[in-house]
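Take a look at the structure set out below.
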Amino acid sequence: MLEVPNINSKDAKLKKLIYDVDESLFYEDKYSNEEFEHLCICSGGTTSSCAKNGFTTLDLRKNYNKIKLDRKTNLVTIGGGVIMGDLVNHLQKHNRSFPIGLSKLPGAGYILTGGVSPLSRAYGLAIDNIESIKGFLGNGTFISLKKNQINPEEQLIWEAIKGAAPFFSIITEIELKTIQSNPIKVIEGFVNLNELSEIIKLSEEFPENISLQWIYAQKIYIYIFAELNNLEDKTTEENLMLLDKFPALKKQFYENFNKINFFPKELNLYELNANNHSEVISLLGEDLKNDIPIFIKCLSEIMENKPNNSCYIASQQLGGKTKKLNHGASFFVHRKSTWKPWIYASWKKNDLQEKEVALEWIYKSWSKLKRFYPNIHLAQLHNHLNSHEEEITLAFGNRMNELKTLKNIFDPQGILPPL
Ligand SMILES: Cc1cc2nc3c(=O)[nH]c(=O)nc-3n(C[C@H](O)[C@H](O)[C@H](O)COP(=O)(O)OP(=O)(O)OC[C@H]3O[C@@H](n4cnc5c(N)ncnc54)[C@H](O)[C@@H]3O)c2cc1C
């Protein structure tokens, strides 16, 4: 058994568990004989694809867990098995931080699949902050790439590492830019659908240091997150004052990002419930603008049809710096996106009927939300689900063929998850 946060993966009956990337990993006979078999990679262990029944898992957490901050350059080097909570805790000792997501549990998968943070509007996606990487391609070739020192023949690999690394590489080391750790103001609390509608409208005008995240489970909970890089900042205050009209929201001041825990216990989320298995699909789309009322109606219908209490829809705001390409091209192709909603459902493990109903709800909800959010953020790999092909097409868009080429050249035996 593999001790990981994701319960599907935790319950998987593994064929084998390995901890080191050595050449035996790439022996041909291991992968070519059994159809559909590939190596599962585990970093934070928060997804349903880091371990599967009958498959081998490479667990990076034991041997690739180092974190080292260079005080001169403020660049941090982390192993491929480091979780985001450990990263920010380490950085905080030096008054530095990193735009991690809404949870401290995810590992390097968070960074390599894009990495959308409440701080992304000001600092870009996690991939925009990668300075260098080391690792192995699926054919066993060692790679070491450094921004601004990339040969023309390495350029495509470098771009694809940023957003699509899991399909053709095993990344053992990542060097990242860090940011100054600043105080944060959070305005949070329960709201109703009308209030959510008004708050989404306000948020689409927020400056880059403010972002909205909301979650609709049994009730709707919102977080407005404002980084205070200048305590006298009038624009921030003016924007936050607009929220004074929602009496149920409370203002909290946090010394730094690490002190914030998103998703309070009162929400009763099923994410880590040991009796349940789950899946989640992440979408991408642009500002709702005049479509906010139709979107709210659609959301309300989706939630009325949810098959059990575990189901929720949530959303986080990107935009600002994530729209800019000045960090160089990447395989996070939907740069115009300003919202990343996700649809979550779980079921009692072993209850196949309930699983079918829950997945059907996810797919129906996805199809309803497509008109607002037509693209996919491939934060979770679903090669074990029927939706995989559509998800990768909607995630990589016009770069899909380049990704297939990379896969054919650098992972010819299909050691890593299939496209
Ligand atoms: C509670 C929670 C909150 C989240 N919040 C956010 C958020 O705010 N923003 C956001 O963008 N995402 C968020 N996510 C999604 C999360 O970042 C992705 O699902 C991410 O892929 C998880 O990475 P992991 O290392 O924990 O997962 P794992 O299950 O360990 O890995 C997932 C897959 O990623 C690949 N992978 C991981 N590490 C490597 C590596 N070193 N080399 C090659 N391939 C690798 C492998 O294919 C692996 O199977 C959240 C997830 C959870 C559970």
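Entry remark, segment 301-315: residues being part of a helix (DSSP H, G or I) and modelled with pLDDT under 95 number 0 in total. The set of residues in segment 366-393 being more than 16 Å from the ligand (Cβ to nearest atom) and more than 22 Å from S300 (Cα to Cα) consists of N386, E389, E390, T393. Selection of first residues in segment 69-90 that are farther than 21 Å from L112 by Cβ and of second residues that are hydroxyl-bearing (S, T, Y) and buried (at least 16 other Cβ atoms within 10 Å of the Cβ), restricted to Cβ pairs under 9 Å at least 6 apart or on distinct chains, gives the following pairs, ordered by first then second residue: D70/T77; N74/T178. I392 falls short on exactly one of the conditions (1) in a loop (DSSP other than H, G, I, E, B); (2) of a type outside the set (D, E); (3) surrounded by 21 or more Cβ atoms within 10 Å (Cβ to Cβ), and that condition is (1). Evaluate the following for L202: is it of a type in the set (A, V, I, L, M), away from the ligand (no atom under 12 Å from the Cβ), in a helix (DSSP H, G or I) and surrounded by 24 or more Cβ atoms within 10 Å (Cβ to Cβ)? Judged against the criteria, L202 is not a match.
The criterion of at least 1 residues that are of a type in the set (V, I, T) is met, among strands (runs of 3 or more DSSP E) falling completely within segment 207-300, by 210-216, 220-227, 276-284. Keeping to segment 70-86, report how many residues are in contact with a helix residue (DSSP H, G or I) (Cβ under 9 Å, 6 or more places away or on another chain) and more than 14 Å from I130 (Cα to Cα). Total meeting the criteria: 5.
Out of everything in segment 150-178 that is β-branched (V, I, T) and either surrounded by 19 or more Cβ atoms within 10 Å (Cβ to Cβ) or within 13 Å of the ligand (Cβ to nearest atom) (or both), what residue ends up being farthest from G140 (Cα to Cα)? Once the filter is applied, the top-ranked residue is T178.
Name the single residue that is farthest from I7 (Cα to Cα) among those in segment 32-87 being among the polar types (S, T, N, Q) and more than 13 Å from the ligand (Cβ to nearest atom). This residue is T73. Selection of first residues in segment 188-208 that are farther than 15 Å from M241 by Cα and of second residues that are basic (K, R), restricted to Cβ pairs under 7 Å at least 6 apart or on distinct chains, gives the following pairs, ordered by first then second residue: G189/K250; F190/K219; E204/K289; E208/R121; E208/K321.
The values are calculated or read from the model by the stated rules, or taken from the named source; none is laboratory data. Quick caveat, the model's predicted, so the values are computed rather than measured. Cβ atoms come from the backbone with ideal geometry, glycine included; neighbour counts cover every protein chain shown.
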